[in-house]
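Peer 1: Below is a structure I'd like to ask you about.
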Amino acid sequence: MKRACAMLVAALLVAAAPLRAAEIPPDQRRSGYSFMGPDSKAMQDDDTANPGMLWVLDGEALWNKRPGAANNACADCHGDARASMKGVAARYPAFDKALGRPVDLEQRINLCRAQHQQAPALDYESHDLLALSAFIANQSRGMPITPDGDSQLAPFIARGHELFMQRQGQLNLACANCHDDNWDKRLAGAAITQGQPTGYPMYRLEWQTLGSLQRRLRGCMTGIRAQAYNYGAPELVELELYLMSRAAGMPIETPAVRP
Amino acid sequence: MASALINVPKRAKRGDIIEIRALTSHIMETGYRRKASGEIVPRDIITSFTCRFNGQEIFRADLFPAIAANPYFSFFTTARESGRFEFEWTGDNGFSQTASAAITVE
């Protein structure tokens, strides 16, 4: 299966015309949801069948827990997440003035833990960080992605765009080669899709667990045999930022289910 | 870790066929995978799922290593009287989890 995938990627590479670099027109943008079969769609739509909801429930419990020396729960500052966190995930990554760079939702949670809770940072892809980010992002479900309008973000979005268009790895593929130019085709049995980040963190059946957008990006990089950036690397945040600006207006689905 | 997500209709008419859905979180480690060092990752799965209604067993399933993480069950029963469904999952390493849901039959 893996070999077949690699061969197909190679075939695609040989057949591919020079990078078309055509962005997807707004009216043709499609969430990964629309590429799925009816079973996977039903799984995402039903909150008692969607395994991502297990993390959302855990996140709700963590929201009210006091993990650090400051004896502060998220709820002690932010109150009811249903009101205070509504729309927050739809505008992340956001610009952090103190750091002078964009931070994604996971990094924001860890900054909050360090500054206001005096609690140790949670590891990327750890259960608790996924649970908290899923719970927070779930409050924005159905809301359109509305990127942070801070003009200081512009150079970071531009760098993310550059990375998206940059060929890399032994297969010498850019994100755009698949997700801008060939999203209507298939790679072996699987739909290529447009790579729209609408449902993160999401439950991927292949992973059998919830995963972040950074995990997905790293998986793609390994797939094209490039050296994946480390979790939390500025390049990954810039890519997240570009992807969110590329998907502006599309509704958040967290927790999405994907094959 | 959140225990389980249960979906049982809150009320039903006598004689109705109702769907019961139960999702629980579990890694379902098969016992066939190896770590990078070559050692086998020990098996850790749920081995049994039982649903009782007012103390009487109405559904049971044995689980095996080929079942995916976070197992999900859906099954049907006939609503005969009001009462309480009790769900129980047991597995390796002393794993045990319970949940319950009430139904009113009119």
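Peer 1: Anything in the stretch B:42-51 that is outside any strand (DSSP E or B) and under 16 Å from the mean Cα position of the chain (by Cα)? List them, or say none.
Peer 2: Selection gives B:I45 alone.
Peer 1: Just to be sure I understand, how many residues within the stretch A:47-74 are of a type in the set (D, E, K, R), buried (at least 18 other Cβ atoms within 10 Å of the Cβ) and facing chain B (nearest Cβ under 8 Å)?
Peer 2: Initially, the stretch A:47-74 is screened for residues of a type in the set (D, E, K, R), giving A:47, A:58, A:60, A:65-66.
Those still in the list that are buried (at least 18 other Cβ atoms within 10 Å of the Cβ) too: A:58, A:60.
Still in the running and facing chain B (nearest Cβ under 8 Å): A:58.
Counting residues in the stretch A:47-74 that are of a type in the set (D, E, K, R), buried (at least 18 other Cβ atoms within 10 Å of the Cβ) and facing chain B (nearest Cβ under 8 Å) gives 1.
Peer 1: Taking the stated definitions as given, is A:S126 within 14 Å of another protein chain (Cβ to nearest Cβ) and at pLDDT 95 or above?
Peer 2: Spelling it out, A:S126 is indeed within 14 Å of another protein chain (Cβ to nearest Cβ) and at pLDDT 95 or above.
Peer 1: Would you check which residues across the stretch A:177-212 are without any contact (Cβ under 8 Å) to a residue 24 or more places away in the chain and aliphatic (A, V, I, L, M) and list them?
Peer 2: Scanning the stretch A:177-212 gives a single hit, A:I192.
Peer 1: For the stretch A:39-46, state whether one or more residues are facing another protein chain (nearest Cβ under 9 Å), free of Cβ contacts under 8 Å to residues at least 40 places away in the same chain and not in a helix (DSSP H, G or I).
Peer 2: Yes, the conditions are met somewhere in the stretch A:39-46.
Peer 1: Of the residues in the stretch B:6-41, how many are open to solvent by 50 Å² or more (accessible area, probe 1.4 Å), under 17 Å from B:I58 (Cα atoms) and either outside any loop (DSSP other than H, G, I, E, B) or within 14 Å of another protein chain (Cβ to nearest Cβ) (or both)?
Peer 2: Residues meeting the conditions: 3.
Peer 1: So which residues in the stretch B:50-67 are surrounded by 12 or more Cβ atoms within 10 Å (Cβ to Cβ) and out of contact with any strand residue (DSSP E or B) (no Cβ under 6 Å at 6 or more places or on another chain)?
Peer 2: Residues satisfying the conditions are B:P65, B:I67.
Peer 1: Does B:D44 meet the test of being out of contact with any helix residue (DSSP H, G or I) (no Cβ under 7 Å at 6 or more places or on another chain) and charged (D, E, K, R)?
Peer 2: no
Peer 1: Here's another thing I want to ask about it. Please verify whether the stretch B:97-106 includes one or more residues that are surrounded by fewer than 16 Cβ atoms within 10 Å (Cβ to Cβ), under 13 Å from the mean Cα position of the chain (by Cα) and away from every other protein chain (no Cβ under 14 Å).
Peer 2: yes
Peer 1: Any residue that is among the small types (G, A, S) and out of contact with any strand residue (DSSP E or B) (no Cβ under 9 Å at 6 or more places or on another chain) - is there at least one of those in the stretch A:44-58?
Peer 2: no
Peer 1: Got a number for residues in the stretch A:24-37 being under 19 Å from the mean Cα position of the chain (by Cα) and assigned to a loop (DSSP other than H, G, I, E, B)?
Peer 2: The number of residues fulfilling the criteria is 5.
Peer 1: Going by the conditions given, is A:R101 touching a helix residue (DSSP H, G or I) at 6+ places or on another chain (Cβ under 7 Å), open to solvent by 20 Å² or more (accessible area, probe 1.4 Å) and either within 23 Å of A:R204 (Cβ to Cβ) or more than 14 Å from chain B (Cβ to nearest Cβ) (or both)?
Peer 2: Working: touching a helix residue (DSSP H, G or I) at 6+ places or on another chain (Cβ under 7 Å): yes; open to solvent by 20 Å² or more (accessible area, probe 1.4 Å): yes; either within 23 Å of A:R204 (Cβ to Cβ) or more than 14 Å from chain B (Cβ to nearest Cβ) (or both): yes.
For A:R101, the condition - touching a helix residue (DSSP H, G or I) at 6+ places or on another chain (Cβ under 7 Å), open to solvent by 20 Å² or more (accessible area, probe 1.4 Å) and either within 23 Å of A:R204 (Cβ to Cβ) or more than 14 Å from chain B (Cβ to nearest Cβ) (or both) - is met.
Peer 1: List the number of the failed condition for B:G83; all other conditions in (1) surrounded by 16 or more Cβ atoms within 10 Å (Cβ to Cβ); (2) touching a residue at least 40 places away in the same chain (Cβ under 8 Å) hold.
Peer 2: (2)
Peer 1: Could you tell me whether A:A90 is open to solvent by less than 40 Å² (accessible area, probe 1.4 Å) and small (G, A, S)? Even if it seems obvious, please write down each step before you answer.
Peer 2: On the way: open to solvent by less than 40 Å² (accessible area, probe 1.4 Å): yes; small (G, A, S): yes.
Yes.
Peer 1: A further question on this structure: For the stretch B:63-106, give me each residue that is of a type outside the set (A, V, I, L, M) and touching a Gly at 6+ places or on another chain (Cβ under 7 Å).
Peer 2: Hits for the stretch B:63-106 are B:P65, B:T78.
Peer 1: While we're looking at this one, here's another question. For B:G83, all conditions in the list (1) farther than 11 Å from B:N54 by Cα; (2) in contact with a strand residue (DSSP E or B) (Cβ under 7 Å, 6 or more places away or on another chain) hold save one; what is the number of the exception?
Peer 2: Only one criterion is unmet by B:G83, namely (1).
Peer 1: Confirm whether A:G37 is in the same structural domain as A:C178 (by TED's automatic domain parsing) and open to solvent by less than 40 Å² (accessible area, probe 1.4 Å). Full working, then the answer.
Peer 2: On the way: in the same structural domain as A:C178 (by TED's automatic domain parsing): yes; open to solvent by less than 40 Å² (accessible area, probe 1.4 Å): yes.
Spelling it out, A:G37 is indeed in the same structural domain as A:C178 (by TED's automatic domain parsing) and open to solvent by less than 40 Å² (accessible area, probe 1.4 Å).
Peer 1: Is it the case that B:F73 is open to solvent by less than 20 Å² (accessible area, probe 1.4 Å), in a strand (DSSP E or B) and within 14 Å of chain A (Cβ to nearest Cβ)?
Peer 2: no
The values are calculated or read from the model by the stated rules, or taken from the named source; none is laboratory data. Just so it is clear, the structure is predicted and the values come from calculations on it, not from any experiment. With ideal geometry, Cβ positions are generated from the backbone for all residues, glycine too; neighbour counts draw on all protein chains shown. Ligands, DNA and RNA are stripped out before the accessible areas are found, and what is left, the full protein with its side chains, is counted by its heavy atoms. Shrake-Rupley method; radii C 1.70, N 1.55, O 1.52, S 1.80 Å.
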